[in-house]
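*Asks:* The structure follows.
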Amino acid sequence: MGARAVKLTPKVFVDFDGTITKHDVGNAFFRKFGDEAKLLAAIDRWKAGELSGSGLLLVEASTAVVTEAEAVKFIEGFEIDVSFKDFLGFCRSSGIELSILSDGLAFYIERILSVNGIEGVPFYSNRSQFIDGGIKIEFPYESDCTKCANCKGYQVLTHTGADEVIVYIGNGYSDRCAVQYADSIFAKDDLLRYCEENGVTYFPYDSFQDVLAKFRKILERGKLRKRHRAELKRREAYISE
């Protein structure tokens with residue numbers, strides 16, 4: 001008898017800032033309530049590898065002067081890509097798990113999802129407290145990664161089984177750690193340029209309407225499969241633990 005065929009199951013991970021939302025909420029928040037010059041300098045140091053992801057967030061938070069009420073009022077003005085709700089509905093009706101991965105903050109993710117009637121979506125992010133007119137950052141998912149405060153690559157590895165095909169949807173710099181382990185990648189903006197420059201196979205998209213159309217075709221045509229380079233990277237990561 002031949003070996004039993006393994007049924008592959010998709011597992012979807014989605015970035016939040018600039019992917020589900022139309023703009024980067026965290027960046028706008030700290031520019032609004034913090035010292036923009038210091039923030040821009042810290043971001044440059046982070047991208048140059050001179051500052052860790054958690055270090056960047058701590059710098060951003062250290063300059064912020066804001067109450068919780070002011071923060072909530074500000075972030076409620078941010079729009080989402082409304083077609084994300086259609087994509088989420090498709091995943092749910094198809095029995096496909098979807099999680100949100102963010103290097104941002106839980107308080108605005110929870111609020112923006114709630115304002116848009118989106119409930120019950122698991123997400124992994126950094127956390128915060130509003131204390132004495134400022135904001136204190138907490139890092140519940142610290143890992144060995146120096147690029148991210150909440151490494152999306154670490155989260156993908158932690159929450160994926162051997163028979164699951166990793167689908168990743170993102171747009172920015174902090175998504176780079178995740179895509180090295182992902183099998184099907186939907187990319188735009190900075191993430192698209194990164195994939196182009198590093199020979200990473202991806203599907204371009206502008207909205208979740210594009211993602212949904214392509215994802216349906218992949219599933220309908222039985223084209224769901226693991227990406228060889230991603231499999232090798234996952235094995236290397238598991239062996240090194």
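*Asks:* For each pair in Lys22/Lys147; Lys73/Lys152; Lys47/Lys223; Lys38/Lys214; Lys85/Lys233; Lys136/Lys226, compute the distance between the two Cα atoms and list the pairs where it is over 30 Å.
*Replies:* Violating the 30 Å Cα-Cα cut-off are Lys47/Lys223; Lys38/Lys214; Lys85/Lys233; Lys136/Lys226.
*Asks:* Related question: How many percent of DSSP beta bridges within the range 66-175 run antiparallel, rounded to 5?
*Replies:* So the antiparallel bridges amount to about 60 percent of the total.
*Asks:* First select every other residue whose beta carbon is under 13 angstrom from the beta carbon of Val115; then total the charges, Lys and Arg +1, Asp and Glu -1.
*Replies:* Within the 13 Å Cβ shell, the charges total -1.
*Asks:* Now a separate question. Out of all DSSP beta bridges in the chain, what portion is antiparallel? Express it as a percent rounded to 5.
*Replies:* 25
*Asks:* Which whole-Hz couplings ³J(HN,Hα) result when phi for each residue of the range 159-172 is put into the Karplus expression 6.51 cos²θ - 1.76 cosθ + 1.60, θ = phi - 60°, listed in order with x for Gly and Pro?
*Replies:* For the range 159-172, the Karplus-derived couplings read 10, 10, x, 5, 9, 9, 9, 8, 10, 10, 10, x, 9, x Hz, x marking Gly and Pro.
*Asks:* Something else now. Tell me the volume per residue, in Å³, of the convex hull enclosing the alpha carbons of the range 1-150.
*Replies:* Cα-based convex hull of the range 1-150, divided per residue, equals 141 Å³.
*Asks:* Just to check, using Stokes-Einstein with a Kirkwood Rh over alpha carbon pairs, what's the diffusion coefficient of the range 91-179 at 4 °C and 1.567 mPa s in µm²/s?
*Replies:* 89
*Asks:* From largest to smallest, what semi-axes in whole angstrom does the range 150-241 give when each is the square root of 5 times an eigenvalue of its alpha carbon gyration tensor?
*Replies:* Equivalent ellipsoid semi-axes, largest first: 21, 17, 11 Å.
*Asks:* Local charge sum around Phe13 (other residues, Cβ-Cβ under 12 Å, Lys/Arg +1, Asp/Glu -1)?
*Replies:* -3
*Asks:* Can I ask one more? What is the mean projected area of the alpha carbon convex hull for the range 182-223, to one decimal in square nanometres?
*Replies:* Averaged projected area of the range 182-223's Cα convex hull equals 3.0 nm².
*Asks:* Run through the range 9-86 and list the GluC sites (Glu not before Pro) located in a DSSP loop whose Cβ has at most 13 other Cβ atoms within 10 Å.
*Replies:* Of the GluC sites (Glu not before Pro), the ones in loops of the range 9-86 whose Cβ has at most 13 other Cβ atoms within 10 Å are Glu50, Glu76, Glu79.
*Asks:* Sort Val156, Val121 by Cβ crowding within 10 Å, fewest neighbours at the top.
*Replies:* In order of increasing Cβ crowding within 10 Å: Val121, Val156.
*Asks:* Just add up the charged neighbours of Leu101: K/R +1, D/E -1, any other residue whose Cβ is under 12 Å from the Cβ of Leu101.
*Replies:* Summing Lys and Arg as +1 and Asp and Glu as -1 gives -2.
*Asks:* Taking the alpha-carbon centroid of each part, what is the distance from the range 51-81 to the range 148-167 in angstrom?
*Replies:* 25
*Asks:* Based on other C-beta atoms within 10 Å, arrange Asp132, Asp81, Asp206, Asp190 from fewest to most.
*Replies:* Listed from fewest to most nearby Cβ atoms, that is Asp132, Asp206, Asp190, Asp81.
Where a number appears in this text, it was derived from the coordinates with a stated rule and is not lab data. Only a predicted model underlies this, so the values are computations on that prediction, with no experimental measurement involved. Methodologically, a virtual Cβ is constructed for each residue, glycine included, from the backbone with ideal geometry; neighbour enumeration extends over all protein chains shown.
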